[in-house]
Amino acid sequence: MQHYIVLAIIALSSIYLVRHLWQMVRGKKGACGSCGHTRQCSGLRLCDVNNGSSVRIKQLIGETSACQRLRELGICESACIRKVADNGSLICCIDDSKVIISEHLAKNILVEQLF
């Protein structure tokens, strides 16, 4: 009996995982970094912004721990930052501080251009 319960749990977990991965591959949804709920994730990513551009952060997506670390660095929703350089790692100015983040993390930061 216990084996059937374990198999049922594994099957349900696999179905959820495959569905979630399929949605992410199709680009329709991403995981909200702060709450884990799925929501529409579309827009300009920080890694795609030109050097010298100022942007406002709209949303952090990806792993909760990575999003939390970005928030601790001051890279949080509604913050205004300026991308200084992009040489594998991104250099951004937040207020009077410069922060260096990896390109992988920059792909998880959705922004809107400031004019």
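Checking each residue in the stretch 76-115 for being of a type in the set (A, V, I, L, M, F, W, C), surrounded by fewer than 15 Cβ atoms within 10 Å (Cβ to Cβ) and assigned to a loop (DSSP other than H, G, I, E, B) picks out L114, F115. Looking across the stretch 65-75 at every residue that is assigned to a helix (DSSP H, G or I) and not polar (S, T, N, Q), the one that is nearest to N51 (Cα to Cα) is identified as L70. The lone criterion from (1) closer than 16 Å to N108 by Cβ; (2) out of contact with any Asp or Glu (no Cβ under 7 Å at 6 or more places or on another chain); (3) surrounded by 13 or more Cβ atoms within 10 Å (Cβ to Cβ); (4) not charged (D, E, K, R) left unmet by S65 is number (3). In the stretch 86-106, the residues that are under 15 Å from N50 (Cβ atoms) reach residues that are of a type in the set (K, R) and in a strand (DSSP E or B) with C-beta atoms within less than 6 angstrom, at least six apart or across chains, in these pairs: I91/K98; C92/K83; C93/R82.
Values in this text are rule-based calculations from the coordinates and carry no lab data. Note that the structure is predicted; figures quoted are calculated from it, not measured. Note: ideal-geometry Cβ built from the backbone for every residue, glycine included; neighbour counts use all protein chains shown.
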